[in-house]
Every structure is written in structure tokens, then in C-alpha cells.
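Notes follow once the structure below has been shown.
What follows is calculated from the coordinates using simple rules that are stated; it is not laboratory data. Every value quoted in this text rests on a predicted model; they were computed, and no experiment measured them. Don't worry about glycine lacking a Cβ; one is built from the backbone with ideal geometry, like all the others, and counts go over all protein chains shown.
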Amino acid sequence: SMGGTLLRLVDQGHEVHVAYQTSGNIAVFDDEVIRFLDFATDVQQDNVALQKQFQDVRAFLNSKKPGEVDSPEIQHFKGLIRKGEALAACRYCGVDEANAHFQNLPFYETGTVKKKPHSEADVEITYQLLQEVKPHQIFAAGDLSDPHGTHRVCLQIIFSALDRLVAEGAEWLKDCYVWLYRGAWQEWDIADMEMAVPVGPMDMERKKNAIFKHQSQKDSAMFPGNDDREFWQRAEQRNKETACKYNELGMAEYEAMEGFVRYHFM
């Protein structure tokens, strides 16, 4: 994971953008929807339409069968929950909310774990954002062992957009590096890491606090994979292990380190 690196970039005054490629709506428990709607209806007790909507949603969820696909309305609510959490994390890290980009890539929006193959529409959305921002550095999740394969597809979409930009001769790419990070399901081998960013004790705490903003993913994630630890525990322990390995190789001792592998697109 790269929360420590993101915090450092913000602290140093760089213009940081965060792109959320998918809505993440299938990774939200039904109870979270009821909790948020409870709050909304309490705030607007005289809103008859909202009260009716809440009753309909609760009735659907109460009668929902295992494996049944959520209604488009509930999928939308779950996506909004993830969006609110993401914005809270951005605010905590000092990222301007205007620089948080919610792409809602179409391939993801099936309502089930099984996704559609990614299409030109997904690549086009990514291409347009890259052309708009023209970043000097791109950080992308290189976790190819996530249990439902979403990270792999998202990474391939980025690669396809970069291939298109290379073919078009985009000038800004000449001063752009692409770095891949891991952490949620695995970590890079030390021999493969091409950049390592030290993370001090205070920044590790800040990183964990940013992770905690994603409340629907705390305690028990819907798709934890083979690792029963919480995401913040995985990130902390893997980053500390990386620092220990570098120290054993004779490098300076740090609290934790985030490792990256460079992707060469041209």
C-alpha cells in the first residue's frame, strides 16, 4: 500500500490526485445501507418520499436471498457509502476534494462478484483523466492476488490507456513514471523493488487513520481473501517487514517502508 508515500507527497506540496476506478459497491454489507438510511430518515422525518424509500429498501434487504443481486437503487447507495469514505480519507490526508476522481468504470457495475470484460469505454474514461491531469508520477495497485480479480482488470485498463497515449505520442509521458505498489494481499519481493519510501512512526499512525476512514471495510471485509487480518493490519505488518528486510541488508533502520516496482510503458 502507499498511504505513507501519498502523505509525504501532500506534505511536500505536490499536486496530488486520487482516482477511484470502481464504485466498490459490492464490498458493502447490507447493514451499512440500513444504518445510513436510518440516519437520513431521522434527519428528514417529515420527508414522506424518503421514508417510503427507506421502507422499500429495508423490505428488499429483509427478503433478499443469498447471492441475490442488489437492486440498482441499493447498488447506488452502497457506491455512495464508499465515495463518502474515500472523500473522508482524502480530507484527512490533505488531498483537495476536487482532486478525488470517481470514475465508476462500467466493467465493474454488474452487482455481482463476476464482472464484465473491460471494454473501450473503461479505457476511454481512464485515458481522458490521464490527459486532463498529465501526471508526472502514476501510482497503481499491482495486487494481482485480490480474491475477485478487480485489481488485475483495473491495472490492465491503465496499461491500455497508456498504450494509447504512447501511440499518440503524448509529450507529457516523457516525464512520467509509473509505480506499482502492493500490500492488501501480497508484497513485492525485496529483489524486485525499485523504489522504497521510508515511513516513520507518526506517518504510520496517519496512514492507519486514513485507512480507518473506510469504515465499511473495517473489522470484517466482505472479500478478505486468505488473510483474516484487517487491511490496516496487513499494511502495517507488511510495511514493517519490508523495513526489517532492508535493515538486514545493511540499510538504515526505519519504522516501516513502502516498496514499489516501476512499470516501463515506453
Placing +1 on each Lys and Arg Cβ and -1 on each Asp and Glu Cβ in region 1-157, then taking the dipole about the Cα centre, the residue among 87, 49, 112 whose Cα reaches farthest towards the positive end is 112
Sequence order, region 11-17: Karplus ³J(HN,Hα) from phi using 6.51 cos²θ - 1.76 cosθ + 1.60, θ = phi - 60°, Hz rounded, Gly and Pro as x, gives 4, 7, x, 6, 7, 10, 10
For region 194-206, in residue order, the Karplus 3J(HN,Hα) values (coefficients 6.51, -1.76, 1.60; θ = phi - 60°; whole Hz; Gly and Pro = x) are 10, 8, 10, 10, x, 10, x, x, 5, 5, 5, 5, 5
Candidates for volume of the Cα convex hull per residue in Å³ are (1) 144; (2) 120; (3) 152, and the calculated one carries label (1)
A correct fewest-to-most ranking of 119, 160, 63 by other Cβ atoms within 10 Å would be 63, 119, 160
Taking trypsin sites (Lys or Arg not before Pro) in a DSSP loop with at most 16 other Cβ atoms within 10 angstrom as exposed, one finds the longest site-free stretch of the chain at 115-217
Amide H neighbours of residue 101 at under 5 Å, excluding residues fewer than 5 places away on the same chain, with H built from the backbone geometry, are 18, 19, 20
Computed for region 114-266: size of charge dipole around the Cα centre, +1 on C-beta of each Lys and Arg, -1 on C-beta of each Asp and Glu, debye to nearest 20, value 380
Phi angles of region 102-108, converted by Karplus (6.51 cos²θ - 1.76 cosθ + 1.60, θ = phi - 60°) into ³J(HN,Hα) in whole Hz with x for Gly and Pro, give 9, 7, 6, 4, x, 4, 7
Fewest-first ordering of 190, 157 by Cβ atoms within 10 Å yields 190, 157
When the charge dipole of the chain is computed with +1 at the Cβ of Lys and Arg and -1 at the Cβ of Asp and Glu, the Cα pointing farthest to the positive end, of 217, 181, 6, is that of 217
Magnitude of the Cβ-charge dipole (Lys and Arg +1, Asp and Glu -1) of region 120-166 about the Cα centre, nearest 20 debye, reported as 140
Extend 7 Å from the Cα of residue 205 along its Cα-to-C-beta direction; within region 1-16, residues with backbone N under 19 Å of that point are 3-8, 11
Toy charge model, Lys and Arg Cβ at +1, Asp and Glu Cβ at -1: region 1-156 dipole around Cα centroid in debye, rounded to 20, equals 340
What helix-only [θ] at 222 nm does the chain give? Using -39500 (n - 2.57) per DSSP H run of at least 4, over all residues, to the nearest 500, the answer is -15500 deg cm²/dmol
In the neighbourhood of residue 262 defined by beta carbon distances under 11 Å, the net charge of the other residues (Lys, Arg +1; Asp, Glu -1) is -2
The longest stretch of the chain containing none of the GluC sites (Glu not before Pro) that sit in a DSSP loop with at most 15 other Cβ atoms within 10 Å is 69-193
When 202, 193, 251, 257 are arranged by how many other beta-carbons sit within 10 Å of their Cβ, fewest first, they go 202, 251, 193, 257
Once amide hydrogens are built 1.01 Å from N within the peptide plane, the residues lying 5 or more places from residue 138 or on another chain with amide H under 5 Å from its amide H are 177, 178, 179
Percent relative contact order for region 35-159, counting Cα pairs under 8 Å at least six residues apart, stands at 14
Taking Cα pairs closer than 8 Å and at least 6 residues apart, the relative contact order of the chain in percent is 24
